[in-house]
Amino acid sequence: MQNRIIYGIDIARGSPRAKELPRYALAILKDGEVTHYSMLRRQKILNMIQRDRPDIIAVDNIFELAADRNELISIMERLPDGVKLVQVTGGLRPEPLVRLAKKHGFSFNPENPNDEAEACARLADLGVGHEVSLFEDITKIKVSRARSLGRGGWSQNRYRRKVHGAVLQRSREIENVLKDLSREKGIRFETVNVKGFGGYVRSEFTVYAKRGEIPIHPMASNDAQVSVRSVERDKIRYVPLKPKNPRRKFTIVGIDPGTTVGIAILSLDGELLYLKSFRGIAPDEVVKLIAEYGKPAVIASDVTPMPGSVEKIRRSFNAVPASPGIEVSAEEKIALGRPFGYSNDHERDALTAALLTYRSYKNIFTRIEKKAPENADLELIKLHVIRGDSIESAIEKVRAAARAPEKPGARAAPEKPEERAVDESLLKMRDTVLRQGEQIQNLQDYVEELKHALLAKDRRISKLEFRLKGFKKEVYGEVRKSKEIRIRDSTIESLKKELSNKNKTVKELRRRSNKLRKIQKMEIRGEGTPVKVISAFTKESIAETKEKYGLKEGDIVFLDNPSGGGAATAQILVEARARAVIIPEEISHAAEETFFKGDVPVLRNVQLERAEDFAMAEPEALKAAIAAWEKEAEKRRQKAKEDELQSLFDEYRSERRRGLI
């Protein structure tokens, strides 16, 4: 093709996933001549693509251009209309670039990025590889306000009417363009308008065509803006390129009939050649489309028995019929179609029919590839086997056809006198054929009438489906709103409970704060002495009080439950240098002895005013209790000294009596 430009790209250094930007080798193939560029940044190549608008960008791995799917989508959105991104090594099952080059009669140095880039370009020029398809044949056009209306003032309504009027005007202009496009090319579109004061708040158009086929571009004015975007596919689809001078291959075709017809075409190697759906397509157009991709060996449907419309198409090609024989569940269809990707249920069902048929022949095809002699026409052998021959018989037929020389057309033998009698019967047959031709014409006219009636019904069904879609959308909105309200109510109830608990906590803390403040005032005025309350006479309770409020020298402590503590527990308070310990009941002898030795008064029957972990004691009563304890303690110490002297005196007398002194 004259002036055909192909870009071959290979990564020369780095990686799209690395921090440093990668560098690329670029080979531009134009009219058989190759121009090389080295160590280019990706942005430089994209700028060159905008300038040259090549027919194909050929790579051996699409993820050498982008780190992930999102980045790849961003790059493809920036490509000019009509530019194809092709992975020359194949689609779901890539083949090494070196092997592909060898198959097509040339070689290159795989260590040289410039050679690899040139190899990609030349293979793409030969029709080798798969086009990368990331977008559906659906385009979304949105017309909306170009700026916010703001809070408003005296002229707010006039301003709102002006902006909404601009959106309405732009929407009608686009709708007129799409109507013209629909009349000229049969492209369908749907419109959703959201009305506002004085016009439209926004309009959304769903056009069932590629973005490049629609003469509408993004734009923005003072009041309205237009955005145009293609709808992304769920998965990347790889569409095989059509090779130069292709040999007519045999195919397996799956058809899902109906108002919308789904068509899936596989090669006899199980490679997806074509997958698409059409609304209101005529049977003769389906036949023409299928013939473009080869001669169908099998035409399949995903239901049993095969629908009449599919049967007619099958007869047109004299293909072998196929159907699964059992009902295939939706889950199985989804699992089968997921690796290839599909746009709707019609494409999925057609793909299911083709894949199930290929799977039923796959083991036989594998045996053919093992048994067939070298350089044999495998596709022709597979065709004979599909039509009912054994593998050996099919191989022999193909071998015999290859050996038989072509014979020139034989000259017609002269008519014999005996054959003249046949002419009369031929004349009768001709009359019969003419009569039958008239009947056929009448039937064809009747079929046309039925087609027109069917088309009218299809339009009626389409309108009803559109209305039903609107009802479903409205119901879905109500259900979603109801669900959101339930979630919100539940959240509000939870927050109310949380707020109630926090209010209780605040109230309790305020009460404690007021009590402590009162105790503090009494202490300042000298009306009371603060006492720290320890809930139990245990090491843990003492540690908890120490952590919360601290225990310092001179503190007076009240043991709320003095039972259970021993000498070790008492020693903690002694070491803290507590001024006194108040108890409501008796403590263990060992603990009391430890307090006595540590000179920590143990007081009983002291009146306290409690406030949680604090209390207040009347200063005079506390002093009197401490003084009484000290007086009693002094007596105990004096008696202890006397007992010690008496013990020493008795020991001395005992030793004199025994004559030891």
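Using +1 on the beta carbon of Lys and Arg, -1 on that of Asp and Glu, and nothing else charged, what's the dipole of the chain about the Cα centre, debye to 20? Show your work: numbers first, answer last.
Values: 122 positive and 100 negative charges, 455 e Å.
Result for the chain is approximately 2180 debye, rounded to the nearest 20.
May I ask you to give the average projected area over all directions of the convex hull of the Cα atoms of the stretch 476-524, in nm² rounded to one decimal?
Details: hull surface 13.8 nm².
Over every viewing direction, the Cα hull of the stretch 476-524 projects on average to 3.5 nm².
Students often get this wrong: which residues of the stretch 65-85 have the backbone nitrogen under 18 Å from the point 7 angstrom along Cα-to-C-beta of ALA18?
Hits in the stretch 65-85 for ALA18 at 18 Å: 65-68.
Which number do you get for Rg(Cα) / (2.2 N^0.38 Å) in the stretch 225-304? Spell out each step's value before the answer.
On the way: Rg = 14.9 Å, N = 80, 2.2 N^0.38 = 11.6 Å.
Here the Cα radius of gyration is 1.28 times the empirical estimate.
Kindly state, to the nearest 0.05, the FRET efficiency for ARG517 paired with LYS548, given R0 = 22 Å and r defined as their beta-carbon distance.
Once the sixth-power term is evaluated, E becomes 0.80.
With a ≥ b ≥ c the root eigenvalues of the C-alpha gyration tensor of the stretch 3-127, is it rounded (a/c under 1.5), prolate (a/b larger than b/c) or oblate?
Details: a/c = 1.39, a/b = 1.20, b/c = 1.16.
Because its axes are fairly even, with a/c under 1.5, the stretch 3-127 counts as rounded.
In degrees from 0 to 90, rounded to the nearest 10, what is the angle of the helix 308-317 Cα long axis to the longest principal axis of the chain?
Helix 308-317 sits roughly 50 degrees off the main axis of the chain.
Quick one: compute the contact order of the stretch 3-127, relative version, from alpha carbon pairs under 8 angstrom and 6+ residues apart, as a percent.
Working: 224 pairs, mean separation 39.8, N = 125.
Computed value for the stretch 3-127: 32 percent relative contact order.
Rounded to the nearest 0.05, what FRET efficiency do ARG4 and LYS483 have when you use their Cβ-Cβ distance and R0 = 56 Å? Could the numbers behind the result be given before it?
Details: r = 56 Å, r/R0 = 0.99.
Efficiency for this residue pair is about 0.50.
How do the peptides 11-17, 167-173 rank, highest first, by the average count of neighbouring beta carbon atoms within 10 Å per residue? Don't skip to the end; give the middle numbers.
Details: 11-17: 15.1, 167-173: 19.1.
Listed from highest to lowest mean packing, they are 167-173, 11-17.
According to the square roots a ≥ b ≥ c of the eigenvalues of the Cα gyration tensor, what is the shape class of the stretch 116-206, taking rounded for a/c under 1.5, prolate for a/b larger than b/c otherwise, and oblate for the remainder?
Values: a/c = 4.61, a/b = 2.39, b/c = 1.93.
Here the stretch 116-206 falls in the prolate category.
If I histogram all Cα-Cα distances within the stretch 527-642 using bins 10 Å wide from 0, what percent of pairs lands in each bin?
Pair shares across the bins are 14, 49, 31, 5, 0.
Between GLU448 and VAL98, what is the label-to-label distance in nm when each label sits 7 Å out along the Cα-to-Cβ direction?
The answer from the label model is 6.4 nm.
With axes computed from alpha carbons, what is the tilt in degrees of helix 283-292 against the longest principal axis of the chain, rounded to the nearest 10 within 0 to 90?
For helix 283-292, the angle is close to 90 degrees.
On a full-extension model of 0.36 nm per residue, what is the gain between GLU190 and MET219, subtracting their alpha-carbon distance, rounded to one decimal in nm?
Details: separation 29, 0.36 × 29 = 10.44 nm, distance 2.07 nm.
Residue separation times 0.36 nm, minus the Cα-Cα distance, leaves 8.4 nm.
Taking 8 Å as the Cα distance limit and 6 or more residues as the minimum spacing, I'd like the relative contact order of the stretch 527-642 as a percentage. Let's see the in-between values first.
On the way: 193 pairs, mean separation 30.8, N = 116.
Across the stretch 527-642, relative contact order equals 27 percent.
On the principal axes of its Cα set, how long, how wide and how thick is the stretch 201-340? Give whole Å, largest value first.
Cα extents, longest axis first: 62, 41, 29 Å.
Full extension from ARG460 to ARG41: what is 0.36 nm times the residue separation minus their Cα-Cα distance, to one decimal in nm?
Numbers: separation 419, 0.36 × 419 = 150.84 nm, distance 5.51 nm.
Contour length minus Cα-Cα distance gives 145.3 nm.
Just to confirm the number: angle between the C-alpha axis of helix 619-657 and the first principal axis of the chain, 0 to 90 degrees, nearest 10?
For helix 619-657, the angle is close to 70 degrees.
Suppose every K and R has +1 on its Cβ and every D and E has -1 on its Cβ; what is the size of the dipole of the stretch 476-524 about the Cα centre, in Debye to the nearest 20? Walk me through the intermediate numbers first.
On the way: 17 positive and 7 negative charges, 75 e Å.
It works out to roughly 360 debye.
Under a Cβ-Cβ cut-off of 13 Å, what is the net charge of the residues other than GLU575 that fall near it, where Lys and Arg count +1 and Asp and Glu count -1? Walk me through the numbers before you get to the answer.
Values: positive: LYS539, LYS546, LYS552, ARG577, LYS597; negative: GLU553, ASP555, ASP599.
Net local charge, GLU575 excluded: +2.
Quick check for me: using +1 on Lys/Arg Cβ and -1 on Asp/Glu Cβ, what's the dipole size of the stretch 247-312 about its Cα centre, in debye to the nearest 20?
Values: 8 positive and 8 negative charges, 50 e Å.
Dipole size: approximately 240 debye.
Taking R0 as 35 Å, what's the FRET efficiency between ARG636 and GLN607 from their Cβ-Cβ distance, rounded to 0.05?
Values: r = 25 Å, r/R0 = 0.73.
Calculated transfer efficiency: 0.85.
Where in the stretch 217-241 is the amide nitrogen less than 19 Å from a point lying 7 Å along the Cα-to-Cβ axis of ALA146?
Answer for the stretch 217-241: 217-229.
Below 8 Å between Cα atoms, with a sequence gap of 6+, how large is the relative contact order for the chain in percent?
On the way: 952 pairs, mean separation 44.0, N = 661.
That works out to 7 percent.
Using a simple spin-label model with points 7 Å from Cα along the Cα→Cβ vector, what separation in nm is obtained for ILE524 and ARG78?
About 7.2 nm separates the two model spin labels.
What distance in nm lies between label points placed 7 Å from Cα along the C-beta direction at THR206 and GLU585?
So the two model labels end up 8.0 nm from each other.
Mind ranking 26-36, 499-509 by how tightly packed they are, going by the mean number of other C-beta atoms within 10 angstrom, highest first?
Numbers: 26-36: 15.6, 499-509: 10.1.
For the peptides 26-36, 499-509, the packing ranking is 26-36, 499-509.
How far, in nm, would the chain grow between GLN436 and LYS30 when pulled straight, counting 0.36 nm per residue and subtracting the alpha carbon separation? Mind dumping the intermediate values first?
Working: separation 406, 0.36 × 406 = 146.16 nm, distance 5.79 nm.
140.4 nm is the gain from fully extending GLN436 to LYS30.
Using a 10 Å cut-off on Cβ atoms, rank the peptides 259-265, 127-133 from the highest mean neighbour count down.
Details: 259-265: 22.9, 127-133: 20.4.
So the order, starting with the most tightly packed, is 259-265, 127-133.
Every number in this text was worked out from the coordinates using simple rules, so none of it is lab data. Only a predicted model underlies this, so the values are computations on that prediction, with no experimental measurement involved. No Cβ is skipped: glycine too gets one built from the backbone with ideal geometry, and neighbour counts run over all protein chains shown.
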